[in-house]
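S.K.: First the structure, which I've put down as structure tokens, then a few questions once you've had a look.
The values are calculated or read from the model by the stated rules, or taken from the named source; none is laboratory data. The structure presented is a predicted model; accordingly, all values stated were derived computationally and were not measured. With ideal geometry, Cβ positions are generated from the backbone for all residues, glycine too; neighbour counts draw on all protein chains shown. For the accessible areas, the whole protein counts, side chains as well, though only heavy atoms, and no ligand, DNA or RNA atoms are used. Shrake-Rupley method; radii C 1.70, N 1.55, O 1.52, S 1.80 Å.
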Amino acid sequence: HGKTINIFSIASGHLYERFLKIMILSVLKNTRRPVKFWFIKNYLSPQFKDVIPLMAQEYGFEYELVTYKWPTWLHKQKEKQRIIWAYKILFLDVIFPLSLEKVIFVDADQIVRADMGELYDMDIKGRPLAYTPFCDNNKDMDGYRFWRQGFWKEHLRGKSYHISALYVVDLKKFRETAAGDNLRVFYETLSKDPNSLSNLDQDLPNYAQHTVPIFSLPQEWLWCESWCGNATKSKAKTIDLCNNPMTKEPKLQGARRIVSEWPDLDLEARQFTAKILGDELDVQEPTPLPNQS
Ligand code: UDP
Ligand code: CA
């Protein structure tokens, strides 16, 4: 069977919880290894917290909910979206138990098509973080590749600008090299300017990579239609439903259009959820309730 694959994610709101269940199923269907999911508990709904233990039982995975109190001395974020982004990157050294040595972050709206064990075992050359560089084969998007000019081009000095939807954290290396402190220092300085870190969870590690080194993963680990284009789609090991700044297509619509297995995974997750919540209603309320879904 092999070593447990540890994966963490975060979700807020009905849509992203729906996506998260699909991500979970897609991971499990592509590996025979034990999997433990870690969820940042801050915004999870009571419904999700009811369903997840039963899903864990049914599909045979472990899970744990984790959080960390925002430090009083650290620049605060007010918008929910930005708080979520902050929890993706700012507290990696302190949010997990010390016994956890490696973890992979996976966006809730991602569909996995490969064995995550392969990524979990990959040699990331002593770097604390590993991310996939943005694809450059969808030329329609050249106008949106802001990292190829001006500030970012100068700052990156030949390094890649990476996408933050999937990344590996070597927690041992991360703690040893005080990567958390380094990232928080950069964050504290940059966040004073409201115009910087507009994609907080992505800009921060990319900015910090001269101090907190990033191993660049092979391109196939993160395919997303907006940036990659169809030529490389068949090689995709994961697909993120990343926002397309040009078309702004709604994610649900994109999911069905882009990912062939998505409708089946969604149906399976929704049926399971309905069964669980239905059973629960039966227990608490003997008279049938109107269907609210
Ligand atoms: N997220 C969430 N609720 C939201 C927005 C974002 O839970 O309303 C989380 C979720 O894990 C999501 C990640 O933040 O996958 C990144 O956001 P998103 O996938 O929308 O960004 P994109 O990939 O489109 O840039
Ligand atoms: Ca995403």
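S.K.: Pairs Lys41/Lys275; Lys125/Lys248; Lys102/Lys235; Lys49/Lys251: which are spaced more than 28 Å apart, C-alpha to C-alpha?
M.R.: Working: Lys41/Lys275 23 Å; Lys125/Lys248 37 Å; Lys102/Lys235 25 Å; Lys49/Lys251 24 Å.
As for pairs spanning more than 28 Å Cα to Cα, those are Lys125/Lys248.
S.K.: Another question, then. Express in whole angstrom the spacing between the alpha-carbon centres of the range 53-90 and the range 1-41.
M.R.: 13 Å
S.K.: Continuing with this model, one more query. With N residues in the chain, what two-decimal value do you get for its Cα radius of gyration over 2.2 N^0.38 Å?
M.R.: On the way: Rg = 19.4 Å, N = 293, 2.2 N^0.38 = 19.0 Å.
The reported ratio for this selection is 1.02.
S.K.: Under a 1.4 Å probe, what is the accessible area of the chain per residue, stated in Å²? If you can, show how the numbers build up before the last one.
M.R.: Numbers: 14320 Å² over 293 residues.
About 49 Å² of surface per residue is accessible.
S.K.: Across the range 166-174, in residue order, what do the Karplus-derived ³J(HN,Hα) couplings come to in whole Hz, using 6.51 cos²θ - 1.76 cosθ + 1.60 with θ = phi - 60° and x for Gly and Pro?
M.R.: 8, 7, 9, 10, 7, 5, 5, 5, 4
S.K.: Say we join alpha carbon atoms closer than 10 Å with springs in a Gaussian network model of the chain; which of Gly254, Gly158, Gly126 then has the biggest fluctuation?
M.R.: Comparing Gly254, Gly158, Gly126 in a Gaussian network model of the chain, the most mobile one is Gly158.
S.K.: Only bridges whose two residues both fall in the chain count here: according to DSSP, what percent of them are antiparallel, nearest 5?
M.R.: About 45 percent, rounded to the nearest 5.
S.K.: Can you list the lysines whose alpha carbon is less than 23 Å from that of Lys192, not counting same-chain residues fewer than 8 positions off?
M.R.: Of all the lysines, those that pass the test against Lys192 - Cα under 23 Å, at least 8 places apart if same chain - are Lys69, Lys76, Lys78, Lys80, Lys88, Lys153.
S.K.: Right, something else. Among Val27, Asn42, Met122, whose Cα projects farthest towards the positive end of the dipole of the range 1-126, with charges put on the beta-carbon of Lys, Arg (+1) and Asp, Glu (-1)?
M.R.: Asn42
S.K.: Provide the packing ranking of 82-91, 41-50, i.e. peptides ordered by the mean count of other C-beta atoms within 10 Å per residue, highest first. Let's see the in-between values first.
M.R.: Values: 82-91: 20.7, 41-50: 14.9.
The peptides rank, most packed first, as 82-91, 41-50.
S.K.: How would His14, His155 line up by accessible area, probe 1.4 Å, largest first? Before the final figure, lay out the partial values.
M.R.: On the way: His14 140, His155 40 Å².
Greatest to least solvent exposure: His14, His155.
S.K.: Near Lys233, which lysines are there with a Cα under 16 Å away, not counting those fewer than 8 places off in the same chain?
M.R.: List returned: Lys139.
S.K.: Along the charge dipole of the range 106-250, which of Ala108, Trp152, Phe174 sits closest to the positive end, that is, farthest toward it, with unit charges on the beta carbon of Lys, Arg, Asp and Glu (+1, +1, -1, -1)?
M.R.: About the Cα centre, the residue reaching furthest to the positive side is Trp152.
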